[in-house]
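Enquirer: My questions will all concern the structure given below.
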Amino acid sequence: MRPNGRPDEAGGAAGTGTTRRAVFAPVDTRARVDTVVRRIGDAIELGLLADGEQLPGETELAAQLGVSTVTLREALMALRQQGLVTTRRGRGGGSFVTLPDNPPQERLRARLADWSTEELRDLGDHWAAVSGAAALLAARRTQPGDLRPLIRTVEELAAAGDPATRSRLYGRFHVELAAAAQSARLTREEIALQTDLGALLCLVLDDPVHLGNVSDRHRAVISAVQDEADERARTLAETCVRESVERLVALRLGVPDRATEPRPEEDTHGQEHRARGPREGRR
C-alpha cells in the first residue's frame, strides 16, 4: 500500500520561482568562479534570466551565492567577456543580462568545451542515480493525483518548438518526479543538477528523433510509476538521463578545446591516447 500524504512545500514541484531561487543558491566550494559563470550563464541561456534584466547588487548576489565579492567580480568579468552581462556605472547602474548576437548553439558549444568528458560522465552518473532513486520512490509513494504535473510536462515537452524550452521542460520533469517521490532532498538535488547541466541539454534536444525518444521514455516512467513497478521506473529514468548525457559526451568529443597546448586524444569510450608533448590543463 502506498502511504497517504503529499510532498510538503520544500519538496513540491519546482515552479518558476523555485527554479530562479536555485540560480542564486550557494555554489560549490570548488572552482567557484567557474561555477558562478556556469550557473548564471546557463540561467541566461535557458531564459530564466531575461535579456535586459538587472542582476542583484554585487554584495547581495555574492551573499546569495555564498562567495566573496572578489570571486563574484571575477565571474561577472568572465560573463562580460562572453557577452552575457553588461555593467553600467553611475546612477541606475549595475549588471544587466544581455544576449550576444552569435547564435545560442555557438555559445553553448563554447560552454561545452569548458567541460571535460570525465566531468560530464561523472555528472551523468550522479544524475542517473538521483533520478533513478526518485522514480523508484515515486512508484512506491505517489498518489494518482501527484502525477498530473508530470503528465502535463511530458505533453508540453513533446509540443515545445525550441531547444531552450525543451531543456527547461526536460529538467522540470525530473524535478517533478523527485517531488512525486515525496523527497525534499532529492527535489533539491534535481534542481541543483538542472542549474549545472540544463542549458547544455539544448544541444541534444534540437534533434527531433531524440526528443521523441525522450518523450516516450518519460511517458514510460509515468506508466511504471502508476503501475507501482518501482525497479522498472528506476531503470527507465536512469536510461533516459544516461542517453542524453552520452549524446553530450559525443558532442564534446567533437568540440575543439580552447587550450592551445597539445592534449591527449580520446575515443568514444573515454580512453585517452597521449598526444605529442606533455599533457597540460583540464580534460
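The values are calculated or read from the model by the stated rules, or taken from the named source; none is laboratory data. Because the structure is predicted, anything quoted here is derived from the model rather than measured. As a convention, Cβ positions derive from the backbone with ideal geometry for all residues, glycine included, and neighbour counts pool all protein chains shown. Side chains included, ligands, DNA and RNA excluded: accessible areas come from the protein's heavy atoms. Shrake-Rupley method; radii C 1.70, N 1.55, O 1.52, S 1.80 Å.
Enquirer: Any chance region 80-92 includes a residue that's under 26 Å from Leu251 (Cβ atoms), part of a helix (DSSP H, G or I) and in contact (Cβ under 8 Å) with a residue 60 or more places away in the chain?
Expert: Taking region 80-92 first, the residues under 26 Å from Leu251 (Cβ atoms) are 81-85.
Subsequent filtering for residues that are part of a helix (DSSP H, G or I) retains 81.
From what's left, in contact (Cβ under 8 Å) with a residue 60 or more places away in the chain: none.
No, the conditions are met nowhere in region 80-92.
Enquirer: Residues that are of a type in the set (Asp, Glu) and closer than 25 Å to Glu246 by Cα: does region 45-56 have at least one?
Expert: As a first pass, look at region 45-56 and keep what is of a type in the set (Asp, Glu): 45, 51, 53.
From what's left, closer than 25 Å to Glu246 by Cα: 45.
Taking every residue of region 45-56 in turn, at least one turns out to be of a type in the set (Asp, Glu) and closer than 25 Å to Glu246 by Cα.
Enquirer: In region 189-208, what count of residues is obtained for those that are at pLDDT below 90 and β-branched (Val, Ile, Thr)?
Expert: Within region 189-208, residues that are at pLDDT below 90 and β-branched (Val, Ile, Thr) number 2.
Enquirer: A further question follows. Read through the list (1) at pLDDT 75 or above; (2) in contact with a Pro (Cβ under 7 Å, 6 or more places away or on another chain); (3) open to solvent by 40 Å² or more (accessible area, probe 1.4 Å), then give the number of the only condition that Glu60 fails.
Expert: Condition not satisfied by Glu60: (2).
Enquirer: Restricting to region 49-74, name every residue that is on the phi < 0 side of the Ramachandran plot and in contact (Cβ under 8 Å) with a residue 40 or more places away in the chain. Even if it seems obvious, please write down each step before you answer.
Expert: Of all residues in region 49-74, those on the phi < 0 side of the Ramachandran plot come to 49-51, 53-65, 67-74.
Once the filter is applied, which keeps residues that are on the phi < 0 side of the Ramachandran plot and in contact (Cβ under 8 Å) with a residue 40 or more places away in the chain, region 49-74 yields Leu49, Ala50, Asp51, Glu53, Gln54, Leu55, Gln64, Leu65, Val67, Glu74.
Enquirer: Can you pull out every residue in region 160-180 that is acidic (Asp, Glu) and without any contact (Cβ under 8 Å) to a residue 60 or more places away in the chain? Please lay out each step first, then the result.
Expert: Of region 160-180, the ones acidic (Asp, Glu) are 162, 176.
Result: Asp162, single match.
Enquirer: Which ones in region 33-52 are over 22 Å from Trp115 (Cα atoms) and either in contact with a Phe, Trp or Tyr (Cβ under 7 Å, 6 or more places away or on another chain) or surrounded by 13 or more Cβ atoms within 10 Å (Cβ to Cβ) (or both)? Let's see the steps before the verdict.
Expert: Going residue by residue through region 33-52, those that are over 22 Å from Trp115 (Cα atoms) are 49-52.
Matches in region 33-52: Leu49, Gly52.
Enquirer: Is it the case, given these coordinates, that Leu203 is within 29 Å of Arg39 (Cβ to Cβ), open to solvent by less than 30 Å² (accessible area, probe 1.4 Å) and in contact (Cβ under 8 Å) with a residue 60 or more places away in the chain? I'd like the intermediate steps shown before the answer.
Expert: Values: within 29 Å of Arg39 (Cβ to Cβ): yes; open to solvent by less than 30 Å² (accessible area, probe 1.4 Å): yes; in contact (Cβ under 8 Å) with a residue 60 or more places away in the chain: yes.
Yes.
Enquirer: Of everything in region 124-144, what is surrounded by fewer than 18 Cβ atoms within 10 Å (Cβ to Cβ) and either closer than 30 Å to Ala250 by Cβ or free of Cβ contacts under 8 Å to residues at least 40 places away in the same chain (or both)? Give them in sequence order.
Expert: Asp125, His126, Ala129
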